[in-house]
């Protein structure tokens, strides 16, 4: 259905028919999100980020605290636990969720049909090519303003006045909204606009106006949305507004890296991934949720289209750092600052420490807990993981104001929550008596244990990071950080046979999910390996840890991908890249592209067809397709990890080149320490590395150029170059010809 981009030109192609919204071409500005698709007619699915029904948030801290959870778990009191977390209704009670907007349907003149779609990613323009039975071809062009909720659809001048209709999500959902207490949409007399009210929240307006040779589509979310939508429509002929739009797209592509790969799949991941980043998380918009602005019109978004913080939002934001678009994280920090009183109240109430903060794993845009998934709700690693992202924002930007205002309070608050959970064991060490591994065991009473490896890694990451951050800010060191490093295990282990085929053969020691809990089956969350990535507190090359890591990876691979979701696969690719398995990493990326991407480049939570994962849709059947943005951005990050990695204090260039990659050119990769990196490889050999320093930092780079490489023309010996750099300094490293 689409053409894989074989170059870095940035023009991507689709072939119609595209039978479902999630097979369509995407166009978005972080607020208004469009999916362009169709069979006999051209359809534009309209979403608006932030269109929430906030009813049904789960205020669990009003009913339970950490010690209460511990007592119920240790007593095996399932009824008490269910009551405390709102599970007594079977989990079917109302929960906050976002809602789609509607659909614009445009009929083609008789004998004309949809042929193909062309996306110019560099200009953010969709062109739909149509043909008639005589071989004539015409184009429909779709553009969207960047900072206004307005889209212009230019139609062929040779066509008669178009026949079109606007449909509301209320209609397409088949009465679902009405059954949930919504009033029907209020339509304009001509049927060209509607306002969808909500029981307690702001209404959404969707409005279409016909102009000479074009349609203009506007959305607005407000108390008086129709007036705002009408104001947006007035911009459809404003030349300055469209020039601003063009300038924004030009500036975006000038800022992001230029990457040319001799791998069509990886190139497509990069090209479309960078484009979608511009559409889903621009700095002026709302913080991106699981689907961003791309909401279905025919079903309520699965998992409420909320903020999932046990990997999904982090995965969406990861590429913003390396792609030199750190500002795309800012809407998330603005959101978290607005949540700060709530995070503090959660931490103080649940942990009994006023210094603690707590961010549950699934929340709406008001930080209300969505659903009753108790194991995720109490997972303090979610808080730590977002704090790590805030710290990395500083490391890539060297923005000390951000470090002090955002990262430092988050790191400390996350650590305080964990510290309240720790206790001294009989062995004299520190331990987590109650901990979880994300989603393993679901909400079962047995889905917990002591010293979950994921949470241990998160605590160690916090302790190490706080030590460095305190030095940067001139803050006092907290002795608890060193206590964690000295007395808390890095991970839990189990011993077991390497193979069930030989149960009495080699016995391996490998990383456990928690004390005594092996990875017993395939699972979508690779969290027990979180010490490798994302928290990077375990060095796979350390001889102390290497045998355990090798055994853990062996066991993980044997358990296989049979229960993996879409985002699981890029995460697996990154873990392989982090341990030096470049060919495995690239292979998983190619498999993800085949198994978890639909015929229209839609990135899926469930596999595109049965037989490859137990999480699978049913051959594109309506209602079975679950689109999320996280996996596509995770795949983009996986490509970045193959190009460059920060391991401890050392920057590694092309750390584990896949054998299939022979010719690579890239420039503009932002790295920790605010270093901007580029390199060129021919026939599998890197010949030149280019580094620009934006700050006063010490560069440590494992260059891979061999002994006697040239640094600015001077011979350098050693595998790692160490230089104290100043702002604006440039370095060129070249392979020696001798």
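Does residue 61 satisfy the condition of being over 29 Å from residue 210 (Cβ atoms) and under 32 Å from the mean Cα position of the chain (by Cα)?
yes
If I filter the range 131-149 down to residues being in a strand (DSSP E or B) and in contact with a helix residue (DSSP H, G or I) (Cβ under 9 Å, 6 or more places away or on another chain), which single residue comes out as farthest from residue 116 (Cα to Cα)?
The extreme case among them is 144.
For the range 276-305, which positions are on the phi < 0 side of the Ramachandran plot, under 14 Å from the mean Cα position of the chain (by Cα) and either assigned to a helix (DSSP H, G or I) or modelled with pLDDT under 95 (or both)?
276, 277, 278, 279, 280
Say we look at the range 555-569 and pick out the residues that are loosely packed, with under 14 Cβ neighbours inside 10 Å and in contact (Cβ under 8 Å) with a residue 12 or more places away in the chain; which of these is farthest from residue 633 (Cα to Cα)? Give the steps one after another, and end with the answer.
Here is the first cut: in the range 555-569, the residues loosely packed, with under 14 Cβ neighbours inside 10 Å are 557-558, 560, 562.
Imposing the further condition that a residue be in contact (Cβ under 8 Å) with a residue 12 or more places away in the chain reduces the set to 558, 560, 562.
Numbers: 558: 26, 560: 22, 562: 22 Å.
By that ranking, first place goes to 558.
Consider residue 111 against the criteria (1) without any contact (Cβ under 8 Å) to a residue 60 or more places away in the chain; (2) touching a helix residue (DSSP H, G or I) at 6+ places or on another chain (Cβ under 7 Å); (3) not assigned by TED's automatic domain parsing to the domain that holds residue 378: it satisfies all of them except one. Which criterion is unmet?
(2)
For the structure I just gave you, tell me whether residue 392 is modelled with pLDDT of 95 or more, in a helix (DSSP H, G or I) and within 25 Å of residue 306 (Cβ to Cβ).
yes
Please enumerate the residues belonging to the range 481-502 that are outside any helix (DSSP H, G or I) and under 20 Å from residue 529 (Cα atoms).
Passing the criteria: 488, 489, 490, 491, 492, 493, 494, 495, 496, 497, 498, 499.
Condition (residue is touching a helix residue (DSSP H, G or I) at 6+ places or on another chain (Cβ under 7 Å), in contact (Cβ under 8 Å) with a residue 24 or more places away in the chain, over 28 Å from residue 649 (Cα atoms) and part of a helix (DSSP H, G or I)) applied to the range 399-422: is it met by at least one residue?
Scanning the range 399-422, I find at least one residue that is touching a helix residue (DSSP H, G or I) at 6+ places or on another chain (Cβ under 7 Å), in contact (Cβ under 8 Å) with a residue 24 or more places away in the chain, over 28 Å from residue 649 (Cα atoms) and part of a helix (DSSP H, G or I), so the answer is yes.
Scan the range 157-179 residue by residue and report those that are surrounded by 16 or more Cβ atoms within 10 Å (Cβ to Cβ) and at pLDDT below 95.
If the condition is that a residue be surrounded by 16 or more Cβ atoms within 10 Å (Cβ to Cβ) and at pLDDT below 95, then 162 is the only one that fits.
Cβ-Cβ below 6 Å, separation at least six or inter-chain, first residue in the range 371-390 and at positive phi, second surrounded by fewer than 24 Cβ atoms within 10 Å (Cβ to Cβ) and at pLDDT below 95: which pairs?
Here the result reads 371/95, each pair linking the range 371-390 to a residue that is surrounded by fewer than 24 Cβ atoms within 10 Å (Cβ to Cβ) and at pLDDT below 95.
Checking residue 593 against (1) modelled with pLDDT of 95 or more; (2) within 25 Å of residue 27 (Cβ to Cβ); (3) assigned to a loop (DSSP other than H, G, I, E, B), only one condition comes out false. Which one?
Among (1) modelled with pLDDT of 95 or more; (2) within 25 Å of residue 27 (Cβ to Cβ); (3) assigned to a loop (DSSP other than H, G, I, E, B), the lone unmet condition for residue 593 is (3).
Quick check, is residue 524 under 30 Å from residue 570 (Cβ atoms) and more than 29 Å from the chain's Cα centre (by Cα)?
Judged against the criteria, residue 524 is not a match.
Answer yes or no as to whether residue 257 is more than 30 Å from residue 166 (Cβ to Cβ) and in contact (Cβ under 8 Å) with a residue 24 or more places away in the chain.
Spelling it out, residue 257 is indeed more than 30 Å from residue 166 (Cβ to Cβ) and in contact (Cβ under 8 Å) with a residue 24 or more places away in the chain.
Applying the selection to the range 19-44, what residues are assigned to a loop (DSSP other than H, G, I, E, B) and either in contact with a helix residue (DSSP H, G or I) (Cβ under 9 Å, 6 or more places away or on another chain) or assigned by TED's automatic domain parsing to the domain that holds residue 632 (or both)?
Those that are assigned to a loop (DSSP other than H, G, I, E, B) and either in contact with a helix residue (DSSP H, G or I) (Cβ under 9 Å, 6 or more places away or on another chain) or assigned by TED's automatic domain parsing to the domain that holds residue 632 (or both): 29, 30.
Which one of the conditions (1) modelled with pLDDT of 95 or more; (2) over 15 Å from residue 306 (Cβ atoms); (3) in a loop (DSSP other than H, G, I, E, B) does residue 90 fail to meet, given that it meets all the rest?
So residue 90 meets the others, but not (1).
Might you let me know whether the range 170-177 holds any residue that is touching a helix residue (DSSP H, G or I) at 6+ places or on another chain (Cβ under 7 Å) and either under 25 Å from residue 365 (Cα atoms) or in the same structural domain as residue 229 (by TED's automatic domain parsing) (or both)?
yes
Somewhere in the range 246-254, is a residue surrounded by 23 or more Cβ atoms within 10 Å (Cβ to Cβ) and over 25 Å from residue 678 (Cα atoms)?
No.
Here are the criteria: (1) crowded, with 18+ Cβ neighbours inside 10 Å; (2) over 28 Å from residue 615 (Cα atoms); (3) at pLDDT 95 or above. Tell me which single one residue 528 does not satisfy.
Condition (2) is where residue 528 drops out.
Filter the range 120-130 for residues that are in a strand (DSSP E or B) and touching a residue at least 24 places away in the same chain (Cβ under 8 Å); which is farthest from residue 278 (Cα to Cα)?
Across the range 120-130, the extreme among qualifying residues is 130.
Can you name the residue in the range 442-479 that is assigned to a loop (DSSP other than H, G, I, E, B) and crowded, with 17+ Cβ neighbours inside 10 Å and is also farthest from the chain's Cα centre (by Cα) among such residues?
478
Which residues, counting only those in the range 673-706, are free of Cβ contacts under 8 Å to residues at least 60 places away in the same chain and either assigned by TED's automatic domain parsing to the domain that holds residue 472 or in contact with a helix residue (DSSP H, G or I) (Cβ under 9 Å, 6 or more places away or on another chain) (or both)?
The answer is 677, 679.
Against the conditions (1) modelled with pLDDT of 95 or more; (2) out of contact with any strand residue (DSSP E or B) (no Cβ under 8 Å at 6 or more places or on another chain); (3) surrounded by fewer than 19 Cβ atoms within 10 Å (Cβ to Cβ), where does residue 262 fall short? Just the number, please.
Only one criterion is unmet by residue 262, namely (2).
The values are calculated or read from the model by the stated rules, or taken from the named source; none is laboratory data. Values in this document were obtained by computation on a predicted structure and should not be read as measured data. Positions of Cβ are backbone-derived with ideal geometry, glycine not excepted, and every protein chain shown enters the neighbour counts.
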